[in-house]
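Notes to accompany the following structure.
Read-outs throughout are calculated quantities, based only on the coordinates presented, and are distinct from any laboratory measurement. Because the structure is predicted, anything quoted here is derived from the model rather than measured. When we count neighbours, we look across all protein chains shown, and the Cβ atoms used for this are built from the backbone with ideal geometry, even at glycine.
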Amino acid sequence: MEVEKIMTDLERKHPGEVEYLQAVREVLESIEPVYNENPQFEAAGIINRLVEPDRILTIKVPWVDDHGKVHVNLAYRVQFNNAIGPYKGGLRFHPSVNLSILKFLGFEQIFKNSLTSLPMGGAKGGSDFDPKGKSNTEVMRFCQSFMLELWRIIGPETDVPAGDIGVGGREIGFLYGMYKKLAREHSGVLTGKGLNWGGSLVRPEATGFGAVYFAHEMLKTKGTDFKGKTVCISGFGNVAWGAAIKVNELGGKVVTISGPDGYVHDPDGISGDKINYMLELRASNQDIVKPYTYEFPNAQFVQGKRPWEVKCDIALPCATQNELGKEDALALVKNGCICVAEGANMPTTPEGIEVLQENKVMFAPGKAVNAGGVATSGLEMSQNSMKLNWTAEEVDQKLHQIMINIHSACVKHGKEADGYVNYVKGANIAGFLKVANAMLDQGVL
Ligand code: NDP
Ligand code: 2IT
């Protein structure tokens with residue numbers, strides 16, 4: 001495989017798609033040796049077929065606000081690869097959404113879903129719709145208008161969307177209602193559904209819980225755990241919330257959360273009611289974390305900064321892509337951080353990863369660490385197919401085991417001669433091999 005040549009071709013075909021090109025380069029560089037050891041992959045053109053999505057649907061979404069004004073947003077569904085199962089991946093509503101971001105997320109999803117060991121292909125979708133400040137009825141009308149087009153290309157055995165940034169239980173409800181009406185079926189076409197109509201227990205917590213289970217496995221390789229450790233978390237959304245709960249359960253102390261406005265440092269620890277307050281803050285659609293300090297005055301708000309300057313043992317970036325750069329990584333190293341586990345998708349820049357790895361800080365990528373979210377979506381699909389519900393304990397136990405298995409796969413493919421585990425390499429190789437072999441079995445498509 002000639003990584004530079006492939007990248008040059010892709011840059012020419014998709015100029016300016018920075019996030020997509022970043023995600024592809026990382027995977028290609030990790031899998032190159034394994035790819036070259038298996039000439040059957042090149043003979044079947046696996047890489048050229050894998051780096052381009054199967055198809056992209058672009059949708060115009062017109063909707064009417066509460067004052068009668070007409071708005072038009074763009075929405076997309078990127079169906080990347082379905083070699084090992086139906087397309088599967090979340091929907092993101094955020095003003096920054098563009099094709100580069102959705103293609104990076106869809107590409108990452110292929111390997112993440114493969115790592116879960118469940119039969120799910122890779123996809124992603126979303127819109128530049130900004131939920132900030134919108135009323136319930138405006139969000140409903142937007143979701144309904146989006147689904148009027150989206151329903152044609154999704155289905156419980158075809159493509160199963162879920163939530164991501166800006167898409168939680170409320171949005172999934174509105175999307176599901178419209179799908180059900182159009183398709184005249186009540187099925188497992190979306191995950192993250194409400195508990196009364198096909199949802200799974202533990203799905204809301206699953207990404208954060210899974211991330212902490214994974215980080216716990218990382219710590220175990222060094223003979224330690226979360227007890228008494230200081231943890232910096234970024235974001236204040238679904239993933240940050242689940243991670244904060246589980247860190248507290250395992251005896252760690254969460255001292256930061258963050259939003260686009262800056263970060264909150266709470267030296268007393270973010271636990272109990274303070275974690276519930278995160279949900280309120282998020283549901284307020286206000287896009288800011290500062291109000292936390294009005295509610296809990298011992299905490300300090302640091303405007304326009306990221307939490308990585310706060311001294312911690314463990315860092316869990318749970319907000320968005322490229323939110324932990326070189327300088328942040330250097331600050332973490334300087335302050336003695338031993339473990340960085342990505343709850344978000346690609347939150348660490350390539351330069352940031354380099355700093356952490358060079359300094360032998362344990363570092364694991366989102367496609368492994370946050371796979372518990374989509375894994376529990378897969379468990380929701382299983383329950384829908386059986387028309388049965390598992391208890392919270394059953395789901396949590398399956399989730400926990402899946403995270404332990406993903407960690408083992410990363411160690412198997414990522415352990416280096418000096419014993420340091422390169423989790424990036426391990427996750428990419430383990431995720432890739434299963435998909436590539438499935439593609440070989442199924443012929444040139
Ligand atoms: P939420 O919408 O619940 O929360 C996202 C959080 O990130 C919010 O706090 C949001 O603030 C913040 N955020 C968004 N953009 C920025 C920015 N530019 N700077 C700082 N903060 C920002 O989303 P999730 O918690 O679901 O998603 C968080 C991350 O986890 C994403 O990378 C997502 O792809 C990933 N993920 C999510 C999974 C899930 O099941 N939900 C599964 C696996 C990964 P605001 O929106 O106000 O800007
Ligand atoms: O990035 C992700 O893995 C998600 N947003 C969850 C996707 C899913 O289908 O549950």
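Would you mind telling me the antiparallel percentage of the DSSP bridges in the chain, rounded to 5? In the chain, DSSP labels about 60 percent of beta bridges as antiparallel.
Averaged over all directions, how much area does the convex hull of the C-alpha atoms of segment 141-254 cover when projected, in nm²? The Cα convex hull of segment 141-254, projected and averaged over all directions, gives 8.5 nm². Cysteines in the chain that lack a partner Cβ within the 4.7 Å cut-off: Cys143, Cys318, Cys337, Cys339, Cys410.
Hey, with R₀ at 22 Å, roughly what FRET efficiency would Gln397 and Glu249 work out to, going by the Cβ-Cβ distance, to 0.05?
Calculated value: 0.90.
Based on the reciprocal of the average 1/r between different C-alpha atoms, the Kirkwood radius for segment 57-175 equals 14.3 Å.
Return the Rg/Rh ratio of the chain with Cα-based radii and a Kirkwood Rh.
0.95
Here the simple spin-label model places points 7 Å from the Cα toward Cβ, and for Leu195 and Glu37 these points are separated by 4.7 nm. According to the Kirkwood relation over distinct C-alpha pairs, the hydrodynamic radius of segment 282-369 is 13.8 Å.
PRE reach from Ser385 (point 7 Å along Cα→Cβ): which of segment 119-147 fall under 14 Å by backbone N? Residues 119-121 fall inside that zone. Extension gain for Arg170-Asp66 works out to 35.6 nm (0.36 nm per residue, less the C-alpha to C-alpha distance). Rounded to the nearest 0.05, the FRET efficiency derived from the C-beta distance between Asp273 and Asp130 at R0 = 35 Å is 0.75.
A Förster distance of 35 Å, applied to the separation of the beta-carbon atoms of Asn322 and Ile153, puts the FRET efficiency at 0.75. The gain in end-to-end length when the Lys290 to Val18 segment is fully stretched comes to 94.9 nm, 0.36 nm per residue minus the alpha carbon separation. Pairs with C-alpha atoms separated by more than 28 Å, drawn from the list Lys13/Lys132; Lys134/Lys229; Lys134/Lys326; Lys311/Lys360; Lys124/Lys193, are Lys13/Lys132; Lys134/Lys229; Lys134/Lys326. Helical content alone sets the calculated 222 nm signal of the chain at -15000 deg cm²/dmol, taking -39,500 (n - 2.57) per DSSP H segment of four or more residues and averaging over every residue.
Legend: helices of the chain (whole DSSP H runs) are marked when their alpha-carbon atoms reach 18 angstrom or more along the helix axis and their mean Kyte-Doolittle hydropathy is at least 0.0; marked are 99-115, 136-150, 371-386, 423-442. Basic side chains Lys and Arg get +1 at the Cβ, acidic Asp and Glu get -1 at the Cβ, and with that the dipole of segment 31-190 about its Cα centre reaches some 540 debye. Cut-off under 20 Å on the C-alpha distance; same-chain residues fewer than 8 positions from Lys253 excluded. Which aspartates and glutamates are left, in chain and number order? Within reach: Glu205, Glu217, Asp225, Asp266, Asp268, Asp273, Glu295, Glu309, Asp313, Glu342. Neighbour counts of C-beta atoms inside 10 Å place His94, His413 in the sequence His94, His413, starting with the fewest. Placing +1 on each Lys and Arg Cβ and -1 on each Asp and Glu Cβ, with no other charges, gives segment 257-389 a dipole about its Cα centre of roughly 220 debye.
Here's how it looks for Lys88: its modeled amide H is under 5 Å from those of Gly121, Gly122, Ala123, Val160, which are all 5 or more places away or on a different chain.
Once you order the gyration tensor axes a ≥ b ≥ c over the Cα atoms, which shape class does segment 297-348 get: rounded for a/c under 1.5, otherwise prolate or oblate by comparing a/b with b/c? Oblate. Between Met7 and Lys412, residue separation times 0.36 nm minus the direct Cα-Cα distance comes to 143.0 nm.
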